[in-house]
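What follows is a set of notes on a single structure, which appears directly below.
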Amino acid sequence: MIKVERLFDVAYYAHQKYNLQVIFATKQNGTWKKTSSQEYLNQVNAISKALIHLGVQANDKIAVITTANRTEWNILDIAILQIGAQNVPIYPTVSAEEFEYIFNHSDANLCFVSDAIIYNKIKAIEEKLPLVKDIYSFDVIENCKNIQDLINLGNSLQNETEVELRKNNVKSDDLATIIYTSGTTGKPKGVMLSHKNIISNFLACQDRVPFVYGKDVALSFLPCCHVYERMLLYLYQYGGLSIYFAESIDKIGENIIEVKPNVMCVVPRLLEKVYDRIIEKGAALTGLKRKLFFWSAELAEEFEPYGRNGAWYEFKLSIARKLVLSKWKQALGGNLNTVVCGSAALQPRLGRAFTAAEMVCMEGYGLTETSPVIAVNDLRNNNLKYGTVGKPIVGVEVKIAEDGEILTKSDSVMLGYYKDPEKTAEVLKNGYFHTEDIGEIDSDGFLKITDRKKEMFKTSGGKYVAPQALENAMKASRFIEQIMVVGEGEKMPGALIQPDFTFVRQWTKRKRINVGTTNEELIANELVKARIQKVITEINKGFGNWEQVKVFELTPDVWSIESGHLTPTLKFKRKKIKEMYIQEYNRMYNI
């Protein structure tokens, strides 16, 4: 059996061990186009031969940008890596200025795009990208070279020996990829990850993610350029899973029904939206059905694993599962057993509710710099505790510094930041990576994240405020879609809030409150403000007086990546959001 020491070994291992009829599936023109593990390798090797023929050298950097996950991304990834070049994945939603910076900083000399939208973005700045020799597309685009051209070229060549020589020259410790962090402040940093970094991570994760090897189906929708999804894609292949790529976030519900996956990787925002839709459907019921639905939902949100709630609770849960909760799972395809959640903090009630409905929600924690997983929950072997991100995975050491910062050491920690030894030295000290996250390890060995070190601030009274804890608690309310706690240097914490416009309109309709037709009119309504104030007052009770949100302003926009509020990984661009709403901020503090 092939030993997996370089990332491209995964593709050969999967074929040798499982010989999958479907290793990847991408929907095109309404039909799932399936690729077997043999077809996968054939196309990988054809592209590798073509790239060598075109002059691609070891350590060349190749940029890859796609608007949605698809088979071609993965084929190209392996084809690049096995000839000793590096894949530089880029988020499709970054600005033109960020595209220009990443291309030039990474020294990328070749570019692959998924479609005309991205192609046109790159063509618009092409004159600012002097190193880029050519652009290829996955889709057929007029006047643009196509990936199929490379496959055809490779199939006509007889340079297999050169590919094998290149493969043999790649070592486990060699650089595999440069992933640019989305950056909440400043320019993106190029995280250098080796083959060994990512392999050590997914091999350590296999004991935490319960797969039926060679049989299970995964639905992939988080961007391939996100190290979290990318690591899982390698793990899925290693485990012989069939990987289906969701068409888009808008069609994910439809795709889940079609694919009926056993496992998928999500961010908390998606779970929040799915759960909100479930609750909306329950709210539309009447009479006994409605009462039964909300009794079951409330019971699910109280779930504790391992029967810790006692026999009476377990008996009630069995009834709730039979009558209500099983329908939640059926609405998500019926086979979804494992939901891996990361990238941001998950509200514990959501983890409890989905797990109670027999879709085990495993919250984990990690960073791009750690390839990424540091810790993750797992229902098996007493490895799950809500409100934590689980225990560190095998081979990963975690300790807490005196100031509460989480430090970690493992084979998964990055090589460093590309062309930036100073920033590398700031975070890699004495063999430990400094995460800039604040946390604690409880007596059972579970890691809990309390805040981001850089996001904590002091009020004018000298008291520290950890905004993330407040934000997570407030977002449990259906009235609040997004909330950013502010107040550095001010006398008290405040908040900029984007209401859940859909839910608030439903509420005002039920209450027969006229809020007009625009978001501006809605946020100006005094009854709406009073209702959100009620939410804040109630949640404030769980926090110290110095950290309670005392003032707030509602914002009329839907916070999004496209509008500049969020990074591609859905984190707040805090400085940018404050700048966008500086008038509201000044109004809060009478500036």
Can you pull out the residues in the range 108-128 that are over 24 Å from the mean Cα position of the chain (by Cα), buried (at least 18 other Cβ atoms within 10 Å of the Cβ) and outside any helix (DSSP H, G or I)?
Ala108, Asn109, Leu110
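Only residues that are in contact with a Pro (Cβ under 7 Å, 6 or more places away or on another chain) and either surrounded by fewer than 19 Cβ atoms within 10 Å (Cβ to Cβ) or assigned to a loop (DSSP other than H, G, I, E, B) (or both): list them for the range 285-342, please.
From the range 285-342, those in contact with a Pro (Cβ under 7 Å, 6 or more places away or on another chain) are 333, 335-336, 338, 341; that's our starting set.
Passing the criteria: Gly333, Asn335, Leu336.
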If the Cβ limit is 8 Å and pairs must be 6+ apart or interchain, which residue in the range 10-31 that is over 18 Å from Ser114 (Cβ atoms) pairs with which residue that is in a strand (DSSP E or B) and among the charged types (D, E, K, R)?
Gln21/Lys34; Val22/Lys34
Suppose the filter is touching a residue at least 12 places away in the same chain (Cβ under 8 Å), open to solvent by less than 40 Å² (accessible area, probe 1.4 Å) and farther than 30 Å from Gly351 by Cα; does Val515 pass it?
yes
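Somewhere in the range 19-33, is a residue part of a helix (DSSP H, G or I), under 19 Å from Ile80 (Cα atoms) and open to solvent by less than 60 Å² (accessible area, probe 1.4 Å)? Before the answer, list the steps.
Initial filter on the range 19-33 (part of a helix (DSSP H, G or I)): none.
No, the range 19-33 contains no residue that is part of a helix (DSSP H, G or I), under 19 Å from Ile80 (Cα atoms) and open to solvent by less than 60 Å² (accessible area, probe 1.4 Å).
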May I ask you to list the residues in the range 365-388 that are crowded, with 21+ Cβ neighbours inside 10 Å, among the β-branched types (Val, Ile, Thr) and out of contact with any Gly (no Cβ under 6 Å at 6 or more places or on another chain)?
Thr370, Thr388
Scope the range 416-440; condition of a type outside the set (Asp, Glu) and open to solvent by 70 Å² or more (accessible area, probe 1.4 Å); matching residues:
Lys419, Pro421, Lys423, Lys429, Asn430
Return the residues of the range 79-133 that are closer than 30 Å to Glu164 by Cα and among the charged types (D, E, K, R); say none if nothing qualifies.
Asp107, Lys133
Subset of the range 534-558 [of a type outside the set (Lys, Arg), surrounded by fewer than 13 Cβ atoms within 10 Å (Cβ to Cβ) and part of a helix (DSSP H, G or I)]
Thr537, Glu538, Asn545
Which residue is surrounded by the fewest Cβ atoms within 10 Å (Cβ to Cβ), if the candidates are limited to the range 483-505 and must be in a helix (DSSP H, G or I) and without any contact (Cβ under 8 Å) to a residue 40 or more places away in the chain?
Thr502
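Could you tell me which residue of the range 199-247 is surrounded by the most Cβ atoms within 10 Å (Cβ to Cβ), considering only residues that are among the β-branched types (Val, Ile, Thr) and assigned to a loop (DSSP other than H, G, I, E, B)?
The initial filter retains those residues of the range 199-247 that are among the β-branched types (Val, Ile, Thr), namely 199, 209, 212, 217, 227, 243.
Filter once more, so that each one left must be assigned to a loop (DSSP other than H, G, I, E, B): 209, 212.
Numbers: Val209: 21, Val212: 13.
Only one residue fits best here, namely Val209.
Kindly indicate whether Met456 is aliphatic (A, V, I, L, M) and open to solvent by 40 Å² or more (accessible area, probe 1.4 Å). Outline the logic, then answer.
Details: aliphatic (A, V, I, L, M): yes; open to solvent by 40 Å² or more (accessible area, probe 1.4 Å): yes.
Considered against the rule, which asks whether it is aliphatic (A, V, I, L, M) and open to solvent by 40 Å² or more (accessible area, probe 1.4 Å), Met456 comes out as yes.
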Between residues in the range 526-542 that are without any contact (Cβ under 8 Å) to a residue 24 or more places away in the chain and residues that are open to solvent by 70 Å² or more (accessible area, probe 1.4 Å), which pairs lie under 9 Å by C-beta distance while being six or more apart or on different chains?
Leu527/Lys511; Asn540/Lys550
Among the residues in the range 564-575, are any open to solvent by less than 70 Å² (accessible area, probe 1.4 Å) and over 19 Å from Arg269 (Cβ atoms)?
no
Would you please list the contacts, defined by Cβ atoms under 6 Å and residues six or more apart or on different chains, that run from a residue in the range 112-139 that is farther than 17 Å from Trp73 by Cβ to a residue that is open to solvent by less than 20 Å² (accessible area, probe 1.4 Å) and basic (Lys, Arg)?
none
Return yes or no: is Ala476 under 22 Å from the mean Cα position of the chain (by Cα), open to solvent by 20 Å² or more (accessible area, probe 1.4 Å) and over 30 Å from Ser410 (Cβ atoms)?
yes
Is there a residue being modelled with pLDDT under 95, in contact with a helix residue (DSSP H, G or I) (Cβ under 6 Å, 6 or more places away or on another chain) and aliphatic (A, V, I, L, M) anywhere in the range 350-368?
yes
Which numbered condition Lys49 fails, given (1) in contact with a Leu (Cβ under 6 Å, 6 or more places away or on another chain); (2) more than 30 Å from Asp173 (Cα to Cα); (3) among the basic types (Lys, Arg)
(2)
Tally the residues that are in a strand (DSSP E or B) and touching an Asp or Glu at 6+ places or on another chain (Cβ under 6 Å), restricting the search to the range 454-482.
3
Name the residues in the range 50-103 that are open to solvent by 20 Å² or more (accessible area, probe 1.4 Å) and either assigned to a helix (DSSP H, G or I) or closer than 19 Å to Asn155 by Cβ (or both), would you?
Ile52, His53, Leu54, Gly55, Glu72, Ala96, Glu97, Glu98, Glu100, Tyr101
If you scan the range 73-91, which residues turn out to be of a type outside the set (Gly, Ala, Ser) and touching a helix residue (DSSP H, G or I) at 6+ places or on another chain (Cβ under 6 Å)?
Ile75, Ile78, Gln82, Ile83, Asn87, Val88, Ile90
Determine, yes or no, whether Glu280 is over 30 Å from Phe24 (Cα atoms), at pLDDT below 95 and open to solvent by 50 Å² or more (accessible area, probe 1.4 Å).
yes
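Residue by residue, here is whether (1) at pLDDT below 95; (2) of a type in the set (A, V, I, L, M); (3) crowded, with 20+ Cβ neighbours inside 10 Å; (4) touching a strand residue (DSSP E or B) at 6+ places or on another chain (Cβ under 8 Å) holds:
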site: Lys133; (1), (2), (3), (4): no, no, no, yes
site: Asn143; (1), (2), (3), (4): yes, no, no, no
site: Gly154; (1), (2), (3), (4): no, no, yes, no
site: Leu165; (1), (2), (3), (4): no, yes, no, no
site: Ile179; (1), (2), (3), (4): no, yes, yes, yes
site: Thr185; (1), (2), (3), (4): yes, no, no, no
Quick one: Leu193 ticks every box in (1) surrounded by 14 or more Cβ atoms within 10 Å (Cβ to Cβ); (2) in contact with an Asp or Glu (Cβ under 9 Å, 6 or more places away or on another chain); (3) of a type outside the set (Gly, Ala, Ser); (4) not in a strand (DSSP E or B) bar one, so which box is it?
(4)
For the range 375-396, what are the residues that are touching a Phe, Trp or Tyr at 6+ places or on another chain (Cβ under 8 Å) and part of a strand (DSSP E or B)?
Ala375, Val376, Lys391
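The values are calculated or read from the model by the stated rules, or taken from the named source; none is laboratory data. All values reported here derive from a predicted model rather than from experimental measurement. Every residue, glycine among them, receives a Cβ derived from its backbone with ideal geometry; neighbour counts consider all protein chains shown. Accessible surface is based on the protein model in full, side chains and every heavy atom, while ligands, DNA and RNA are left aside. Shrake-Rupley method; radii C 1.70, N 1.55, O 1.52, S 1.80 Å.
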